[in-house]
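The block underneath contains the structure these notes are about, expressed in structure tokens.
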Amino acid sequence: MRTMTPTIRTSIVPALLWAFDAAAQCTVNGKEIPCDQFWRDYGWIFWTGGTLFFVIMAFWIWMLVDCLKSTRQDKLVWVLVLLFGNIIGAVLYFFIARKARGTGPA
């Protein structure tokens, strides 16, 4: 009877286990440190940046949807401002266009 064993080349599991190995080394400022220490020391940067990214994207999408639902005469102009201005365009739309129609901040 012949048994089959998976090889490293055909299985992704060993690659994933190696990627999360606590003995793995990360380079920070040219100095090798254990990767688990790297995530302990610098992991907050990724959580903060990721959270900020999703908040900004949610705000931008909210302003784009609001603009598309509005009955403004200059809707096309504001959509272009939102698409090409990204977050700056969303902030401009929030303070200028929404305020002009009476739904923005006081």
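Taken together, the values in this text are just the output of simple stated rules run on the coordinates, not laboratory data. What you are looking at is a predicted structure, and each value in this text was computed from that prediction instead of being measured. A quick note on method: Cβ atoms are made from the backbone with ideal geometry, for glycine too, and the neighbour counts reach across all protein chains shown.
Annotation: lysines with alpha-carbon distance below 28 angstrom to K99 (same-chain offsets under eight excluded): K69, K75. Ordering 52-59, 75-82 by mean Cβ neighbour count within 10 Å, with the highest value first, yields 75-82, 52-59. Subtracting the Cα-Cα distance of D74 and Q25 from 0.36 nm times their residue separation leaves 12.1 nm of extension gain. Approximating the spin labels as points 7 Å out from Cα along Cα→Cβ, the F53-to-E32 distance works out to 2.9 nm.
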